[in-house]
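The values are calculated or read from the model by the stated rules, or taken from the named source; none is laboratory data. From a predicted model like this one, the values you see are computed outputs, not experimental measurements. Glycine gets a Cβ as well: all are built from the backbone with ideal geometry, and neighbour counts include every protein chain shown. SASA here: full protein model, heavy atoms, side chains in, ligands and nucleic acids out. Shrake-Rupley method; radii C 1.70, N 1.55, O 1.52, S 1.80 Å.
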Amino acid sequence: MNRKPKYFIYHIEGKKIGVTDNPARRAKQYGLEELKIIDTETSAKRAGEKEIEYQKFYGYPVDRKAYHKVKRMTNKRRKK
């Protein structure tokens, strides 16, 4: 079964590799018209793993917390 990508791994050249579930909103936050999407995933955990792989490959600082853990913390704060 082909599932629609829910998580987008993006590259802002010279700045960072990141993951978002809303590329348009994230681009706006960075003052960009669009993001360069380099990969997609249906799993938050796998998206976070790929994010770290790409950060290492491109020589960017590696996130201390995986995307799915940060996402879970953010969701908990929003529910309060």
- Does residue 65 satisfy the criteria of being modelled with pLDDT of 95 or more and farther than 19 Å from residue 4 by Cα? no
- Specify the residue that is most open to solvent (accessible area, probe 1.4 Å); the eligible residues are those in region 57-67 that are in contact (Cβ under 8 Å) with a residue 24 or more places away in the chain and in a helix (DSSP H, G or I). 58
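Please count how many residues of region 23-56 are in a loop (DSSP other than H, G, I, E, B), surrounded by 12 or more Cβ atoms within 10 Å (Cβ to Cβ) and free of Cβ contacts under 8 Å to residues at least 24 places away in the same chain.
2
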- Going through (1) modelled with pLDDT of 95 or more; (2) under 14 Å from the mean Cα position of the chain (by Cα); (3) surrounded by 13 or more Cβ atoms within 10 Å (Cβ to Cβ) one by one, residue 70 fails only at (1)
- Query: How many of the residues making up region 1-15 are surrounded by 15 or more Cβ atoms within 10 Å (Cβ to Cβ) and more than 18 Å from residue 68 (Cβ to Cβ)?
  - Reply: 2
